[in-house]
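Notes follow the structure.
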């Protein structure tokens with residue numbers, strides 16, 4: 001009988017003890033001689049499958065069969081994705097603030113009661129790339145070079161704008177002398193004060209401003225008459241008694257008007273405090289079709305009388321919390337999407353290796 005036959009007989013049910021010269025040797029239990037069915041060892045049946053030696057793949061999908069250590073893999077995946085999420089959030093926040101919307105804080109009362117002290121307004125920076133400026137819009141603009149000494153700052157290309165937006169978000173750079181007023185006259189308009197009822201007229205059409213003027217104030221105590229030059233705007237505050245606006249800068253270049261290129265965007269909603277939340281629509285008086293009629297010849301502008309204690313309605317950028325929150329909200333689906341794309345690409349590479357007969361990564 002051969003050695004292999006003897007081994008088989010000793011394992012057979014009911015077989016007696018194996019005959020051997022050694023003393024004190026014990027017979028192995030059934031199936032415990034390290035041989036699997038068919039003559040293969042357990043190690044040969046499952047190559048490399050030693051308990052506790054497989055390292056979980058951080059990028060492996062925990063839901064896939066055979067994945068080791070899903071919790072550890074998830075932790076590793078989270079910390080690996082976190083820097084990507086932060087970077088995408090920061091970039092999106094700067095993009096949103098620079099090119100789309102920005103929050104500004106109102107520190108003075110020259111636009112009361114439309115805008116009150118400590119209000120936060122959301123300014124749409126994209127709207128004037130889609131449509132022109134309208135009468136009645138509340139605009140945010142840079143006073144540098146219009147009412148303040150110096151030249152009108154250049155907006156620069158998109159990369160310079162991005163760099164400026166990144167710097168200003170964290171308090172660096174020079175944001176400029178940012179102001180907020182309501183547009184009364186567009187290029188070519190003849191704006192004058194006042195008619196027999198004390199109302200401001202645009203192209204000879206009287207404006208009914210009581211819906212937005214500070215209660216109890218008159219449209220203007222200062223007389224003026226001006227034709228707005230091309231590329232310029234005539235702007236005024238809603239609290240006319242204390243507002244430092246176009247009327248007070250008639251001796252400046254442009255006759256008190258501001259350049260359209262200085263406009264940053266349109267304030268369209270009050271977002272804080274919550275009790276003041278509302279949209280800022282164009283008042284109905286500016287919807288009169290007669291305002292677009294040909295304007296009359298301009299009279300010589302009247303000199304501005306000296307006034308004290310005026311409020312310029314300077315505003316300041318609010319904290320970057322909102323754009324950062326929006327950036328984070330937009331970054332979440334983008335981060336999830338890039339992770340899914342990366343995992344699927346890894347699976348396709350693994351399938352191609354299997355098809356070529358190459359080793360599968362452990």
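The values are calculated or read from the model by the stated rules, or taken from the named source; none is laboratory data. Please read all numbers here as calculations on a predicted model, not as lab measurements. When we count neighbours, we look across all protein chains shown, and the Cβ atoms used for this are built from the backbone with ideal geometry, even at glycine.
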- Item | Among (1) surrounded by 13 or more Cβ atoms within 10 Å (Cβ to Cβ); (2) under 24 Å from residue 286 (Cβ atoms); (3) modelled with pLDDT under 95 - the single one residue 126 does not satisfy | (1)
- Query: Among (1) modelled with pLDDT of 80 or more; (2) surrounded by fewer than 18 Cβ atoms within 10 Å (Cβ to Cβ); (3) in a helix (DSSP H, G or I), which single condition is residue 291 missing?
  - Reply: (2)
- Query: Looking at residue 324, is it out of contact with any strand residue (DSSP E or B) (no Cβ under 7 Å at 6 or more places or on another chain), surrounded by fewer than 17 Cβ atoms within 10 Å (Cβ to Cβ) and at pLDDT below 80?
  - Reply: no
- For residue 298, indicate whether it is in contact with a strand residue (DSSP E or B) (Cβ under 6 Å, 6 or more places away or on another chain), modelled with pLDDT under 70, assigned to a loop (DSSP other than H, G, I, E, B) and closer than 29 Å to residue 180 by Cβ. yes
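Matching residues to (1) modelled with pLDDT under 95; (2) surrounded by fewer than 19 Cβ atoms within 10 Å (Cβ to Cβ); (3) closer than 15 Å to residue 286 by Cβ:
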| site | (1), (2), (3) |
| --- | --- |
| 183 | no, no, yes |
| 192 | no, no, no |
| 209 | no, no, yes |
| 221 | yes, yes, no |
| 228 | no, no, yes |
- Query: Where in the range 84-150 are there strands (runs of 3 or more DSSP E), lying wholly inside it, with at least 1 residues that are touching a helix residue (DSSP H, G or I) at 6+ places or on another chain (Cβ under 8 Å) and farther than 24 Å from residue 247 by Cα?
  - Reply: 101-105, 120-124
- Some residue of the range 153-173 being touching a strand residue (DSSP E or B) at 6+ places or on another chain (Cβ under 6 Å) and at pLDDT 90 or above: no
- Item | Some residue of the range 269-284 being modelled with pLDDT of 90 or more, crowded, with 19+ Cβ neighbours inside 10 Å and part of a strand (DSSP E or B) | yes
- Kindly establish whether residue 227 is closer than 23 Å to residue 107 by Cα and touching a residue at least 12 places away in the same chain (Cβ under 8 Å). no
